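Asker: Take this structure first; my questions come after.
The values are calculated or read from the model by the stated rules, or taken from the named source; none is laboratory data. Computed from a predicted structure; not experimentally measured. For neighbour counting, all protein chains shown are included, and Cβ atoms are generated from backbone atoms with ideal geometry for every residue, glycine included. All accessible areas refer to the heavy atoms of the entire protein, side chains included, with ligands and DNA or RNA removed. Shrake-Rupley method; radii C 1.70, N 1.55, O 1.52, S 1.80 Å.
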Amino acid sequence: MIDPKLYQTMAVYNGWMTDKLYATCAQVSDEERKADKGAFFKSIHSTLNHILFADRAWMTRFSSQVYEHKGMGVDIYSSFEDLRTAHMEMAGDIEAWARDLSPDWLARDLTWTSSDGTRTTTRPSWVLVTHMFNHQTHHRGQISTLLSQMGHDIGVTDLPFMPAFTAS
């Protein structure tokens, strides 16, 4: 029932979409990226930081690697280029990690403590991995909408049309 191939595919999709998102965001001035656009994390820049924060928090829980983050809602990077570099490295780390996933690991429960240390929770690992990828997609969609409102098109975002499926 739980196939690592799904998460390996989602990891490749995450890398593809993260690259496309940053390429489009690079067409926007730093001032526009950091302006409060009314999103949950206010700006495009802070929403990008939030995606990276969550990826780092989850990957710290999933792997033996500890990733630095400053907590929910706190920008990790103020420089767009530093953020872009770190986010692309994280996407690569997620792809590498997903290649080694096993059905047994996905089937087991994972217990973690929230980043702020206020609660400990246990859930099936496959639910948490699914959440990580869903979370990325949710916030990329918010940024895509903000970019569209500013006249910038991120392009095709559909999973079946990512290069891994369309390359011959």
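Asker: Return the distance in nm (one decimal) between the two label points of a simple spin-label model at LYS42 and GLU89, each offset 7 Å from Cα along Cα→Cβ.
Answerer: According to this spin-label approximation, the distance is 2.6 nm.
Asker: OK, next. Could you let me know the centre-to-centre spacing of the range 85-119 and the range 28-76, using Cα atoms, in angstrom?
Answerer: Cα centroid of the range 85-119 versus Cα centroid of the range 28-76: 16 Å apart.
Asker: What net charge is computed for the residues neighbouring SER64, neighbours being all others with C-beta under 13 Å from the C-beta of SER64, Lys and Arg scored +1, Asp and Glu -1?
Answerer: -1
Asker: Where only protein heavy atoms count, and the probe is 1.4 Å, what is the accessible area per residue for the range 1-155 in Å²?
Answerer: Using a 1.4 Å probe on heavy atoms only, each residue of the range 1-155 averages 50 Å².
Asker: Can you divide the C-alpha Rg of the range 1-105 by 2.2 N^0.38 Å and report the result to two decimal places?
Answerer: Output field value: 1.14.
Asker: Name the long-range amide H neighbours of LEU110: under 5 Å, sequence gap of 5 or more, or other chain; modelled H, no Pro or chain starts.
Answerer: Amide H to amide H, under 5 Å and 5 or more residues apart or across chains, LEU110 pairs with ARG123, SER125.
Asker: Where does the range 48-117 land on Rg(C-alpha)/(2.2 N^0.38 Å)?
Answerer: 1.18
Asker: With r as the distance between the Cβ atoms of HIS138 and GLN27 and R0 = 22 Å, compute the FRET efficiency 1/(1 + (r/R0)^6) and round to 0.05.
Answerer: That gives a FRET efficiency of 0.45.
Asker: Based on the Kirkwood radius over alpha-carbon pairs, what value in µm²/s does the Stokes-Einstein equation return for the translational diffusion coefficient of the range 28-168 at 4 °C and 1.567 mPa s?
Answerer: 78 µm²/s
Asker: If you don't mind, another one. Taking the Cα-to-Cβ direction at SER79 and at ASP19 and moving 7 Å from each Cα, how far apart do the two end points lie in nm?
Answerer: Spacing of the two 7 Å Cα→Cβ label points: 2.3 nm.
Asker: Something else now. Per Stokes-Einstein, at 10 °C and 1.306 mPa s, what whole-number D in µm² s⁻¹ belongs to the range 88-168, with the Kirkwood radius over Cα pairs as the hydrodynamic radius?
Answerer: The calculation lands on 102 µm²/s.
Asker: May I ask for the net charge around LYS20, where only other residues with Cβ less than 14 Å from the Cβ of LYS20 are counted and Lys, Arg are +1 while Asp, Glu are -1?
Answerer: With Lys, Arg at +1 and Asp, Glu at -1, the net is -1.
Asker: Going Cα to Cα from LYS20, which aspartates and glutamates come in below 15 Å? Please leave out same-chain ones fewer than 8 positions away.
Answerer: Straight-distance partners of LYS20: GLU81, GLU89, ASP153, ASP158.
Asker: Still on this structure: Suppose a student asked you for the relative contact order of the chain, using Cα pairs under 8 Å spaced at least 6 residues apart; what percent would you report?
Answerer: 30 percent.
Asker: Grab the DSSP H runs of the chain that are 4 residues or longer, score each as -39,500 (n - 2.57), total them, divide by all residues and round the 222 nm result to the nearest 500 deg cm²/dmol.
Answerer: Computed ellipticity for the chain at 222 nm equals -19500 deg cm²/dmol.
Asker: Would you mind getting me the FRET efficiency between SER64 and MET150? Use the beta-carbon distance for r and R0 = 41 Å, nearest 0.05.
Answerer: 0.55
Asker: What translational D, rounded to a whole number of µm²/s, comes out for the range 109-153 from Stokes-Einstein when the hydrodynamic radius is the Kirkwood one over Cα pairs, at 25 °C and 0.890 mPa s?
Answerer: Estimated diffusion coefficient is 195 µm²/s.
Asker: Can I ask one more? Please return the longest range in the chain lying between exposed loop sites, taking trypsin sites (Lys or Arg not before Pro), DSSP loop only, at most 16 other beta-carbon atoms within 10 Å, and leaving the sites out.
Answerer: 1-69
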